[in-house]
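In what follows, a structure is listed as structure tokens, so that the remarks can point back to it.
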Amino acid sequence: MSTDFRLSDDHAQVRDMVRELCAGEFAPQAARWDQETIYPADAMAQLAELGFFGLLVPEEYGGVAYDPIAYALALEELGRVSAGVSVMISVHNSVGAWPIVKYGTEEQKQRFLPAITSGMVAAFSLSEPGAGSDAGALRCSAVRDGDHYVLNGTKNWVTNGAVAGAIVLFARTDPAGGNKGITAFIVTPDLPGFSVGKHEDKMGIRASVTTELALQECRVPALNRLGDEGQGFKIAMSTLDGGRIGIAAQALGIAAAAFDEGVRYAKTRETFGKKLYEHQPVAFMIAEMDRRVAAARLLMLRAAWKRAEGQPHQIDASMAKLYASEAATYCAHRAIQIHGGYGYVKEYPVERYYRDARVTEIYEGASEIQRLVIARELVRQAEAADAAHTQEAVR
Amino acid sequence: MNFDLSPEHAALAARARAFADGLRGTIAQLDDEARLPAEHVTQLAAQGLLMPEGSLASAVVLEELARVSPAHALVASIQASLVGVPLRAFGSAAQQAEWLPRLASGEILGAFALTEKNAGSDAGALETQAKQDGDSYVLNGEKVMITNGGTAGVFIVFATVDPAAGSKGVTAFLVRGDAAGLTRGPRGRMMGMRPADVRALRFENLRLPLSARLGEEGQGLKVALTALNVSRIGVAAQSTGIAAEMVDRAVAWARGRRQFGQELSKFGGVGELLSDMAVDRDIARLMTHEAATTRDRGEDFAHLAARAKWTASEAACANADRCLQVHGGWGYDVATGIERYLRDARVTRLYEGTSEMQKLLVARHAVASMS
């Protein structure tokens with residue numbers, strides 16, 4: 001098959017379906033959710049009913065099993081309208097449900113996935129006050145005690161943490177083991193010793209709930225251990241690979257929304273007897289936004305396509321996440337500039353885009369971590385190419 | 001959806017890469033001597049690399065050639081896009097029969113003569129005149145910065161048949177390299193792309209038969225834009241090649257060089273340079289292939305070509321500069337072979353429409369397509 005970057009008809013249909021849903025149901029409310037810091041429970045319930053809680057879950061467990069491309073398109077469309085909802089759906093699917101699908105035992109899948117697909121929110125808990133980008137530094141401890149593990153520690157920045165029924169949580173089973181001492185667990189809020197800490201008062205994505213979690217002598221059944229002891233870091237990293245495409249999609253949605261608002265405003269507003277866009281500096285801003293949105297979309301689709309094809313895509317996911325998130329803040333920034341004073345007030349959505357965009361450069365791997373991943377992979381690829389040459393020369 | 005190359009395009013790319021790798025030993029000398037041997041053109045033709053069919057095919061070839069010699073890519077791009085495309089689109093059967101086989105075999109080079117001293121981005125302002133006189137046109141005027149100006153066997157020359165009509169008077173003509181009344185100026189000394197032959201041209205009472213007109217009277221700008229739109233994909237591909245080569249060279253240097261007890265590549269600051277270079281390379285390639293495949297399907301692609309050309313040319317310049325930075329002082333040494341790419345890359349933001357012109361095209365399209 002020849003090179004072709006276009007969406008298939010099926011994928012275009014998914015995009016249109018989600019776009020229509022968002023425009024009709026969520027767009028009128030998104031500004032209020034943000035301004036009043038409202039967790040949109042009704043919207044989440046509606047999304048669950050429409051299958052959005054099982055986007056990456058096989059049908060036998062009640063999911064709709066989108067491929068990575070359809071999944072990214074859905075998150076992009078949600079991101080255009082409400083970055084807060086988009087991140088909750090992204091976290092729920094990419095890093096909440098997906099690791100259970102990928103690494104769960106059959107018993108765990110039966111126990112959690114049907115509940116998750118029918119409306120139980122899932123979450124992912126890796127970060128701690130002292131372990132963000134350096135996830136291997138986490139200190140939350142898990143000590144085996146019969147058929148339970150006893151967890152102690154504090155986790156933070158947990159998206160969906162306060163509303164989740166299942167949290168994929170990482171703790172240290174070997175105090176000396178570095179990355180290899182980390183183990184994943186499925187923690188549920190009914191467990192003794194589990195409590196939700198303070199709700200973060202965030203700059204943006206205010207429709208999403210972000211909380212601390214406290215684990216005090218929290219007894220987690222050994223049956224809830226996800227994967228083997230010591231496999232946690234690997235599970236976290238492979239989960240984040242998929243998560244990065246999700247955040248790229250969300251960021252692209254914000255970038256595209258900001259671009260649209262910027263161009264629309266430039267088409268209606270007149271200054272000095274001309275439409276704004278007829279002033280060359282404004283036209284150049286539009287062009288710069290246009291190409292960044294286009295580039296982010298190409299990178300995101302490539303990463304999603306490679307994931308769908310089963311090709312290695314770690315570097316592609318990192319590139320997509322890095323670029324799309326920076327494109328989102330850039331486009332939101334420029335959209336405000338085009339709006340002038342109107343861009344600085346909440347009557348227009350662009351200041352919200354700016355606040356929402358900012359976090360995409362931080363979570364699921366800060367930009368600096370993405371660049372580190374990309375640089376390492378470039379060196380690894382060059383080493384592999386050298387080795388192949390040497391082998392050929394020997395032959 | 002498919003982000004891979006087809007096996008046919010991958011094979012073509014491999015052939016182009018092998019050809020380009022064959023130039024690695026001599027390119028510094030060719031640059032120094034400002035020379036591009038004529039046999040290189042016929043060799044490219046013999047391997048199907050001079051005028052491949054389709055924009056994606058052309059793009060994969062030009063990217064590979066530009067990795068080693070952006071100037072070879074330039075000459076091949078002119079042949080395929082600026083000369084071949086308008087000849088195929090607007091040429092009469094006789095014109096095509098006369099010129100296409102000789103261009104395709106590399107027997108002659110073509111050139112595209114639009115730019116004038118007072119007409120660069122504003123091509124409609126050109127002053128060269130073609131006056132009809134019985135069964136001929138009489139051409140008078142001057143062109144500047146014409147690549148292949150000294151070597152071309154045929155020129156597509158743009159002149160006005162009616163100076164009062166502005167851009168509506170612009171008309172294209174095919175001018176033989178040996179036409180009486182054609183004077184080629186001295187070879188221009190350019191900052192980069194030095195193997196390519198760039199000159200001014202003068203037409204003094206140059207008589208052309210009516211049959212030398214390419215397309216209709218007044219259709220010249222359409223002929224030019226048809227060529228330029230396609231050629232922008234070529235420049236984008238050429239720029240992508242520079243951007244990609246710079247990534248490879250920077251990574252190789254960063255792996256091989258040690259400072260403060262560790263490989264350069266292990267320093268976070270160097271890693272960021274490498275990472276940003278790779279992202280810009282990939283975006284350049286993706287946009288180039290998007291424009292190329294869109295054209296190959298027969299769909300509107302002008303805005304995609306403008307976006308790709310602008311973005312890839314900036315990536316080429318940025319990556320050449322970053323690669324030199326990774327090399328430190330060694331990059332500033334001509335012998336290392338990095339500074340040539342920086343010189344070569346610089347023109348990609350100028351020719352076939354400056355970045356500023358591409359930005360206007362992209363913005364206009366964005367505004368027009370927003371409901």
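Taken together, the values in this text are just the output of simple stated rules run on the coordinates, not laboratory data. Bear in mind the structure is a predicted one, so any value in this text is a computation, not a measurement. No Cβ is skipped: glycine too gets one built from the backbone with ideal geometry, and neighbour counts run over all protein chains shown.
General observations
- GluC sites (Glu not before Pro) lying in DSSP loop within the stretch B:25-105, provided at most 13 other Cβ fall within 10 Å: B:53
- Check: chain A dipole with +1 on Lys, Arg Cβ and -1 on Asp, Glu Cβ, in debye: 800 debye
- Centroid-to-centroid separation of the stretch A:95-130 and the stretch B:161-178 [C-alpha atoms, Å]: 70 Å
- A Cβ-based charge dipole, computed about the Cα centre of chain B with Lys and Arg at +1 and Asp and Glu at -1, lands at about 440 debye.
- For the cross-link pairs A:180/A:321; A:275/B:143; A:102/A:202; A:155/A:306; B:117/B:168; A:109/A:234, the ones whose C-alpha atoms lie over 28 Å apart are A:275/B:143; A:102/A:202; A:155/A:306.
- The stretch B:260-277-the stretch B:15-67 distance, computed between alpha-carbon centres (Å): 32 Å
- Charge-dipole axis of chain B as Lys and Arg at +1 and Asp and Glu at -1 on Cβ define it, positive-most pick from B:171, B:125, B:278: B:278
- Sequence ranges A:248-261, B:324-337, ranked by mean other-Cβ count within 10 angstrom, highest first: A:248-261, B:324-337
- Gain on full extension, evaluated as 0.36 nm per residue between residue B:299 and residue B:132 minus their Cα-Cα distance, stands at 56.4 nm.
- Three-way shape label, the stretch A:1-111, alpha-carbon gyration tensor, a/c 1.5: oblate
- Spin-label pair residue A:345/residue B:252, simplified geometry with 7 Å Cα→Cβ offset, distance in nm: 6.0 nm
- Sparse-neighbourhood loop sites, GluC sites (Glu not before Pro) in the stretch B:129-218 - DSSP loop, at most 13 other Cβ within 10 angstrom: B:216
- Among the chymotrypsin sites (Phe, Trp or Tyr not before Pro) in the stretch B:129-236, none is located in a DSSP loop while being surrounded by at most 16 other Cβ atoms within 10 Å of its own Cβ.
- Label sites at residue A:366 and residue B:167, each approximated as a point 7 angstrom past Cα along Cα to Cβ, lie 4.9 nm apart.
- Under 13 Å of direct C-alpha separation, and excluding same-chain neighbours fewer than eight residues apart, residue A:267 reaches these aspartates and glutamates: A:278.
- Peptides A:137-143, A:281-287 ranked from most to least packed by the mean count of surrounding Cβ atoms within 10 Å: A:281-287, A:137-143.
- Span-rule helices in chain A, defined as complete DSSP H runs reaching 15 Å or more along the axis (Cα) with Kyte mean at least 1.0: none
- Cα-projected label distance for residue A:147 with residue A:228, points at 7 Å along beta-carbon direction, nm: 2.3 nm
- Neighbouring Cβ atoms from other chains, within 10 Å of the Cβ of residues in A:294-300, number 5 on average.
- Using the rule -39500 (n - 2.57) for each DSSP H run of four or more residues, divided by the residues of the protein assembly as shown, the 222 nm mean residue ellipticity is -17000 deg cm²/dmol.
- Highest-MSF residue in chain A out of A:301, A:378, A:191 [GNM, Cα springs under 10 Å]: A:378
- Other protein chain Cβ atoms within 10 Å, averaged over every residue that makes up A:372-381: 6
- Take each residue in B:258-266, count the other chain C-beta atoms within 10 Å of its C-beta, and the mean is 1.
- Relative contact order (percent, whole number), the stretch B:7-104, Cα cutoff 8 Å, 6+ residue spacing: 31 percent
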